[in-house]
Structure formats: structure tokens, C-alpha cells
Amino acid sequence: MSGMLRRLPLNAGALVVFVLCVFPVYWMVLTAFKPTSAIQAESPVFLPTSLTLEHFSAAVDADGFWSFWRNSLLVTAGCVLLALAVALGSAFAVARLRWKGRRGFVLMVFIAQVAPWEALLIPMYVIARDTDMLDRLATLTLVYFMITLPFTIVTLRSFLTAIPKELEEAAQVDGCTRAAAFRRVTFPLLAPGLLATSLFGFITAWNEFAFANMLIIKNQDDRTLPVWLSSFSNVFGTDWGATMAASTLFALPVLVLFLVLQRRVATGLAGGAVKG
């Protein structure tokens, strides 16, 4: 009993933090299902007596919703795949090989990781403007790739370092080449790291607003969902019900991906420990 009493303040603090974090999401989803009369009521309605799907219909039927959804998906998928491909080779070189300048390279990667993204807004705009790369989804993909690459390298390097290199050496003794040993032995054990970094890259690129708003100016058909959501309105003002419905649909892929990969990452970690 005394132990429970000692943990009571900590549990109460954790509960408060949980409520503060979850309540905005709850309010967003609830507003998406509320009738317009309940949304515009003078007193907030926390438990509405009736729910509606009309706001979701308005969001899905809005001009350009599916086009911007496709743009976000293309940019995000391209960013994640590029970052994983480049970071895998870089992390292997840093974790497994010994070469001159390796420590300096790692230091530069850490510096790039901690640098604020906002500091790159103006330089990236100037570069894109001078090279005629504005209003292109490929430019946005490369920018997101640049943003997520340092974290991906650092994370994969940590996972590679945790995998004993003796496993690869044993495979080479059995006749495998270095590449074959990495592909057959190390790569399967690296699956948790690949999933974790892909999840981070997906969330970062999917939710990013500033670069998408700055680099896509004239060609409005190449906007992504975060930029489209910021301008979601009608002739009478902002349609909060449809805006919250669109925001809920926008957050749904990230939530589903997180729930799926969270389970697989835990499974992969346990399986890698047994194989190791």
C-alpha cells in the first residue's frame, strides 16, 4: 500500500500529461462527427447526442482532395525509400569499415541532425528558384530526403553496431562474399531499424508544411495535404466540420502505420535477439 501511495503523484502527473496530449485529438475527431449546430453552439458540446458523416462527405468531395492526397503519398514514399537506400550504405560504411575521415563524417551527420530545419527555408528557396526547381514534387521529395537522411543514418548505424560483426565473418568463412553475408545475415536482423527509421521519415514528410508551402507556389495542383488543409474554406468562411474531418482523414494513415509498425518492430527486435 505504501508503494502505491508513493507512486500516486507520479501516476497522477502521467494522467494529466496523457489527457493534455489526447484531448486535442479527441476534440478534432469529435468536431468532425458533430452536426454544424453543435459546432457553432455557444457552449462547448463534449458529448453530442447526435453524430453525422456529412463533414467527411464534404471533405472527400472537396476540389482536389484526392489529388493532394496522392501528392503527399508520392512525396512521402519517395523520401522514405531514398533515405533508406542512401542511409543503409552510409551506415554500413560507418559501422563496419575503417577509413580516413570517418569520425569527421559522423560528426557532420550529427550536426546536420541537430540543425533546425527552419534555417534551411531561405537557402532552399533560393537554390530551387535559381535552378528552376520550384513548383515540382521532385524538389519537395529531395528536400524531405535531405531532412530525414541524418536521422536515418544515425539510427541505422546504431542498429548495425548492435549486431555482432562476427556473424558476418562466420558467413564469410562458410563461403559467402561480404555482400552476400550482409544480405543473408545482417539485413534480416536490421529489419527493426529499417522499420523504425521508415516510420520516422513517413511521419516527418507526411506532416511537413513549411517547405511544401514555400516551394509549391504557382502550380497549386502539386500542393500537399498540409498546405491544402491550411486553406480549406468556403465562401462563408472556414468550414470547421469539414476541416476537422479532412484533418482526421489526414492523420489516419500515420496512426495506422504507427500501430502496424510498432508491433512489427517489437517482434523484429525479439526475433533478432534470438537469432543473434
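The values are calculated or read from the model by the stated rules, or taken from the named source; none is laboratory data. What you see is a predicted model; the values in this text were computed from it and never measured. Methodologically, a virtual Cβ is constructed for each residue, glycine included, from the backbone with ideal geometry; neighbour enumeration extends over all protein chains shown. Remember, those area values only see protein heavy atoms, side chains included, never the ligands or the DNA or RNA. Shrake-Rupley method; radii C 1.70, N 1.55, O 1.52, S 1.80 Å.
Numbers at a glance
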item: Gained length - residue 93 relative to residue 108, 0.36 nm times residue gap less alpha-carbon distance; result: 3.9 nm
item: Residues with amide H under 5 Å from that of residue 217, placed H, sequence gap 5 or more; result: 135
item: C-alpha long axis of helix 2-33 to longest principal axis of the chain, angle in °; result: 60 degrees
item: Positive minus negative residues near residue 109 (Lys, Arg vs Asp, Glu; Cβ under 13 Å); result: +3
item: Exposure of residue 217 as accessible area (Å², to 10), given a probe of 1.4 Å and all protein chains; result: 80 Å²
item: Accessible area of residue 49 in the full protein assembly, 1.4 Å probe (Å², nearest 10); result: 150 Å²
item: FRET efficiency, residue 161 to residue 7 (Cβ-Cβ, R0 51 Å, nearest 0.05); result: 0.90
item: Accessible surface, the range 157-230, averaged per residue in Å² (probe 1.4 Å); result: 48 Å²
item: Efficiency of FRET between residue 122 and residue 15 - r from beta-carbon atoms, R0 41 angstrom, step 0.05; result: 0.45
item: The range 18-49: chymotrypsin sites (Phe, Trp or Tyr not before Pro) in DSSP loop, at most 14 other beta carbons within 10 Å; result: 46
item: Calculated [θ] (222 nm, deg cm²/dmol) that DSSP helices of n ≥ 4 give over the chain, each run adding -39,500 (n - 2.57); result: -24000 deg cm²/dmol
item: Degrees between helix 121-130 axis and first principal axis of the chain (Cα, 0 to 90, nearest 10); result: 80 degrees
item: In order through the range 191-206: 3J(HN,Hα) via Karplus (6.51 cos²θ - 1.76 cosθ + 1.60), integer Hz, x for Gly, Pro; result: 3, x, x, 5, 5, 5, 6, 5, 5, 4, x, 5, 5, 4, 6, 5
item: In nm, spacing of pseudo-spin labels at residue 49 and residue 100 (7 Å Cα→C-beta vector); result: 8.1 nm
item: Rounded accessible area of residue 165 (nearest 10 Å², 1.4 Å probe); result: 100 Å²
item: Rounded to 10°, Cα long-axis angle of helix 240-275 versus longest principal axis of the chain; result: 20 degrees
